[in-house]
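Accompanying notes for the structure given below.
The values are calculated or read from the model by the stated rules, or taken from the named source; none is laboratory data. Everything quoted here is computed from the prediction, not taken from an experiment. For neighbour counting, all protein chains shown are included, and Cβ atoms are generated from backbone atoms with ideal geometry for every residue, glycine included.
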Amino acid sequence: MMPEALPLPSARLNAVFDHIDEHKESFLRRVIDYVRHPSISAHNIGITEVAALLVGMLKEIGLEAQTVPTSGHPMVLGRWEKKPGARTILLYGHYDVQPPDPLELWLSPPFEPTIRDGRIYARGIGDNKGQHFAQLLAIESHLKVHGELPCNVIVLLEGEEEIGSPRIADFVAEHREKLKADFVVTADGPMHPSGTPTMTYGVRGMTSFELRAKHASRDVHSGNLGGVVPNPIWTLVHLLSTMKTPSGEITIEGLHDAIVPPSELDRAAVARLPLDLDDAKAKLGLTRLDAPAERGYYERLMFHPTLTINGFHGGYGGPGSKTVLPCEAFVKCDIRLVEAMTPGDVLAKVEAHVKKHAPEVEFIPRGGMLPSRVPMDSPYGAIIRSAIELAQGVSPIEYPCTGGSLPDYVFTKILGVPAFVVPYANSDEANHAPNENMKLECFYNGIRTGAALLDRVGVPS
């Protein structure tokens, strides 16, 4: 059977593509100037300045724009709504970035963008400034060529994504009418390692907690009082062993009750995903995957919760040995959530488990983020797929869900509209790490994809 022919761009879209090709150098200069400005949410560095810079950019492009205050960092909101009766797409991104540490591992300063070997190196270029800036340039290109957009557009850029988006749910609920759209697209994250463009129908949620054990009022000699004074490290080790078995089963009572199993469409999509398991393990220096051994690679990332020990702290960790019995210890954990788990329900069940198995251990709940899912047969998925094919000449890899977490739940569960992730960055973008980068080819393809997306959204349903 011959492969299905890919769609061809219209004359209107081809004119926009030509404009993008003609202005690549100026687009590159502008994104370099943008990522030169630090906007580190964790340290509140440059946030106000970059939010104001974005408002100026959006207005210059031709959108109405404003910063909207929150109790934390402001949201940046832009809009072009001059097509009555046409669809509206909401483009989400975030203008805050991770701290650049450790600085000594950067080959060039993180906020002095540098081009090497066909890539831009800078903090935030991949996550997420370069990706949402590509969306803005796509909007601008349509307006420059045709004087209007094919559809209505809302742009929402957050300033707290890198610290867990603590205020976006309240913001979306409060400004529901301002954010009314048919569907949402986020350009964030890496594409498939093969370089094939990717689209994702969901994200996992997450929640986190700490466990703290304290017995004696001070550290004691492990010989003089060992066997008399309880060891808080062992207390936590034994508690943790009741939460997950060596075979990989999470044994917190009721944790799995709310999980919605994958559909047949989900399973079919997973079966189509490319995978070289030996290569994936080799790149990570692994000889095996985590238990359970029989669970599929992608199934682990999409359809099952995880319980991760992020850090275990207590006792002596210096050189040599110290025969001491510590008085306190603590452990930090996170749980990745799948549809339809919620942080509140999960934390309540973890707390009940702790009270049952180790009531002397202090349970400290932390923040959380709901998962988000869109059915694989959503009609908006077909629009996105067509846009990628028009812009890049290849069909995308389609993920039912990704293993990481984004605040897409505010769109699917509060706004009540489908939300998708369409990454523009290369798989080795090193986001959150030193030498974060984005291939120039990916940046330009992102602009083309954003332009094609607007074009497809504007086609009457």
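Below, the figures for the structure above:
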{"quantity": "Candidates Thr70, Thr114, Thr88 - the one that is buried (at least 19 other Cβ atoms within 10 Å of the Cβ), polar (S, T, N, Q) and at negative phi", "calculated": "Thr88"}
{"quantity": "Close pairs from region 271-286: first free of Cβ contacts under 8 Å to residues at least 12 places away in the same chain, partner of a type outside the set (A, V, I, L, M) and exposed (fewer than 10 other Cβ atoms within 10 Å of the Cβ), Cβ under 8 Å, at least 6 apart", "calculated": "Lys281/Thr287; Lys281/Arg288"}
{"quantity": "Hey, Arg272 more than 22 Å from the chain's Cα centre (by Cα) and basic (Lys, Arg) or not", "calculated": "yes"}
{"quantity": "Selected residue (criterion: surrounded by the fewest Cβ atoms within 10 Å (Cβ to Cβ)) from residues of region 353-381 that are over 22 Å from the mean Cα position of the chain (by Cα) and among the aliphatic types (A, V, I, L, M)", "calculated": "Ile364"}
{"quantity": "Any hit, region 179-201, residues being under 20 Å from Ile47 (Cα atoms), over 16 Å from the mean Cα position of the chain (by Cα) and of a type outside the set (D, E, K, R)", "calculated": "no"}
{"quantity": "Strands (runs of 3 or more DSSP E) contained entirely in region 40-146, each with at least 3 residues that are at pLDDT 95 or above, more than 20 Å from Ala451 (Cα to Cα) and touching a helix residue (DSSP H, G or I) at 6+ places or on another chain (Cβ under 6 Å)", "calculated": "none"}
{"quantity": "Residue tally, condition of a type in the set (D, E, K, R), part of a loop (DSSP other than H, G, I, E, B) and under 20 Å from Arg79 (Cα atoms), over region 155-187", "calculated": "5"}
{"quantity": "Check on Gly285, out of contact with any Pro (no Cβ under 8 Å at 6 or more places or on another chain), surrounded by 15 or more Cβ atoms within 10 Å (Cβ to Cβ) and not assigned by TED's automatic domain parsing to the domain that holds Ala329", "calculated": "no"}
{"quantity": "Odd one out for His304 among (1) within 23 Å of the chain's Cα centre (by Cα); (2) in a helix (DSSP H, G or I)", "calculated": "(2)"}
{"quantity": "Test for Pro274: is it surrounded by 11 or more Cβ atoms within 10 Å (Cβ to Cβ) and part of a loop (DSSP other than H, G, I, E, B)", "calculated": "no"}
{"quantity": "Identity of the residue in region 277-301, outside any loop (DSSP other than H, G, I, E, B) and among the aliphatic types (A, V, I, L, M), that ends up farthest from Met369 (Cα to Cα)", "calculated": "Ala282"}
{"quantity": "Failed item, numbered, when His43 is tested on (1) more than 22 Å from the chain's Cα centre (by Cα); (2) in the same structural domain as Gly72 (by TED's automatic domain parsing); (3) surrounded by fewer than 13 Cβ atoms within 10 Å (Cβ to Cβ)", "calculated": "(1)"}
{"quantity": "Count of residues meeting criterion [in contact with a helix residue (DSSP H, G or I) (Cβ under 6 Å, 6 or more places away or on another chain) and surrounded by 17 or more Cβ atoms within 10 Å (Cβ to Cβ)] in region 216-260", "calculated": "3"}
